[in-house]
Amino acid sequence: MRKPLIAGNWKMFKTQAETRDTLRRLDELIGRLLEVEVLICPPFTSLPAARRAAAGTVIQIGAQNLHWEEKGAFTGEVSAAMLIDCGCSHVLVGHSERRQLFGEDDAGINRKLKKALSSQLVPILCVGESLQEREAERVEEVIEGQLQQGLKGLTAQEISRIIVAYEPVWAIGTGKTATPEIAQQVHAMIRGWFEGKYSSVAADGLRILYGGSVKPGNVSGLMAQPDIDGALVGGASLEAESFAALVSYQR
Ligand code: 13P
């Protein structure tokens, strides 16, 4: 049985004080919720504040990116050890905004995944097609390429520790959510790919999150799909009330 995970990606929003206030309010609203895992990924500068505010709550803290080297002359970069030092248990890898706006490629994403895994962080590998790729009926080819390249050289043991997030680029921040049926179709394809490439045990255990305009009003329909194991939420994770409504989708 895969435990659902609802994750908030705060992107480049919230100062330390805003982080503390939002997480305190979120804790008041969700309390001891046990049936769903809850994760918030604030910007790097707010990680220490997030760690303090989340201590003793069910909220886990993750980062939005990492560098693949241990340390060195890499101006502006942050290492896995630094993230762990700030209380991170998870890290997003290969978010579409990193791919599109900051030139991240599959080879770099592969190195980041390996670094996260060897550092005991749980990586959330983000994949997804653009509108142009969907219209050209290239969804399967694009996602399989991202998985193939991104996961290159990982052991079966490492594969069992990763999470995949399917985020169609055309649904991010646009208010256009994939219908539950469209999302389910791609999730099933991703799970099938894992079964073919690794094993049915790996495929059954894999958690696949959906991301792209997830809101309190559409989360239950998405979560009712057999291959959707959680959500990666941008905009609707910024307010404690809406994120609390998202994580309480079963209630
Ligand atoms: P929105 O929920 O704002 O569409 O963002 C999705 C996303 O990119 C989460 O990583």
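Bear in mind these aren't lab numbers, they're just calculated from the coordinates by the rules spelled out. Since the model is a prediction, treat every value here as computed from it, not as a measurement. Neighbour counts run over all protein chains shown; Cβ positions are idealised from the backbone, glycine included.
Starting from the range 1-95, pick out the chymotrypsin sites (Phe, Trp or Tyr not before Pro) whose DSSP state is loop and whose Cβ has at most 10 other Cβ atoms within 10 Å. Don't jump to the answer; show the numbers that get you there.
Numbers: sites: Trp10, Phe13, Phe44, Trp68, Phe74; in loops: Trp10, Phe13, Trp68, Phe74.
In loop regions of the range 1-95 (DSSP not H, G, I, E or B), there are no sparsely surrounded chymotrypsin sites (Phe, Trp or Tyr not before Pro).
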(message) Between the range 8-57 and the range 140-160, what is the separation of their alpha carbon centroids in Å?
(response) 30
(message) Only four residue types carry charge here, +1 at the Cβ of Lys and Arg and -1 at the Cβ of Asp and Glu. Report the dipole size of the range 200-251 about the Cα centre in Debye, rounded to the nearest 20.
(response) 60
(request) Taking the Cα centre of the range 40-106 as origin, work out the dipole magnitude from +1 charges on Lys and Arg Cβ and -1 charges on Asp and Glu Cβ, in debye rounded to 20. (result) 380
(request) Collect residues whose amide H, placed 1.01 Å from N in the peptide plane, falls under 5 Å from the amide H of Gly230; neighbours closer than 5 in sequence don't count. (result) Leu5, Tyr210
(message) List the residues, sorted by chain then number, that are 5 or more residues from Val122 or on another chain and whose placed amide H is less than 5 Å from its amide H.
(response) His90, Val91
(message) 7 Å from Cα along Cα→Cβ at both Ala81 and Lys215: what's the point-to-point distance in nm?
(response) 4.5
(message) Per residue of the range 72-87, what does 6.51 cos²θ - 1.76 cosθ + 1.60 with θ = phi - 60° give for ³J(HN,Hα)? Whole Hz please, x for Gly and Pro, Karplus curve as stated.
(response) x, 7, 10, 3, x, 9, 10, 8, 4, 4, 5, 5, 5, 4, 8, x
(request) Considering the options Ser248, Gly212, Gln184, tell which one lies farthest towards the positive end of the dipole of the chain, charges being +1 on Lys and Arg and -1 on Asp and Glu at the Cβ, about the Cα centre. (result) Ser248
(request) For the chain, divide the Cα radius of gyration by the Kirkwood radius and give the resulting Rg/Rh value with two decimals. (result) 0.94
(message) At 7 Å along Cα-to-Cβ for each site, give me the label-to-label distance between Ser199 and Phe44 in nm.
(response) 3.8
(message) List the trypsin sites (Lys or Arg not before Pro) within the range 1-45 that DSSP assigns to loop and that have no more than 16 neighbouring Cβ atoms inside 10 Å.
(response) Arg2, Arg32
(request) Filter the GluC sites (Glu not before Pro) in the range 127-183 down to the DSSP loop ones having no more than 11 other Cβ atoms within 10 Å, then list what survives. (result) Glu137
(request) Return the sequence-ordered ³J(HN,Hα) values of the range 175-187 in whole Hz as given by the Karplus equation 6.51 cos²θ - 1.76 cosθ + 1.60 applied to θ = phi - 60°, using x for Gly and Pro. (result) x, 8, 7, 5, 5, x, 5, 5, 4, 4, 4, 6, 4
(message) Using Cα springs under 10 Å in a Gaussian network model of the chain, which residue among Ala203, Ala63, Ala136 shows the largest mean-square fluctuation?
(response) Ala136
(message) Explain nothing, just compute: Karplus ³J(HN,Hα) = 6.51 cos²θ - 1.76 cosθ + 1.60, θ = phi - 60°, for every residue of the range 214-224 in order, whole Hz, x for Gly and Pro.
(response) 6, 9, x, x, 10, 5, 5, x, 5, 5, 6
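When you count, for each residue, the other Cβ atoms within 10 Å and take the mean per peptide, how do 108-116, 87-95 rank with the highest first? Walk me through the numbers before you get to the answer.
Values: 108-116: 21.8, 87-95: 23.8.
Ranking the peptides 108-116, 87-95 by packing returns 87-95, 108-116.
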(request) Compare the Cα positions of Leu34, Gln64, Val127 along the charge dipole of the chain (+1 at Cβ of Lys, Arg; -1 at Cβ of Asp, Glu; about the Cα centre) and return the one farthest towards the positive end. (result) Leu34
(request) Would you please give the residues with an amide H less than 5 Å from that of Arg207, counting only those at least 5 places away or on a separate chain, with H modeled from the backbone geometry? (result) Val164
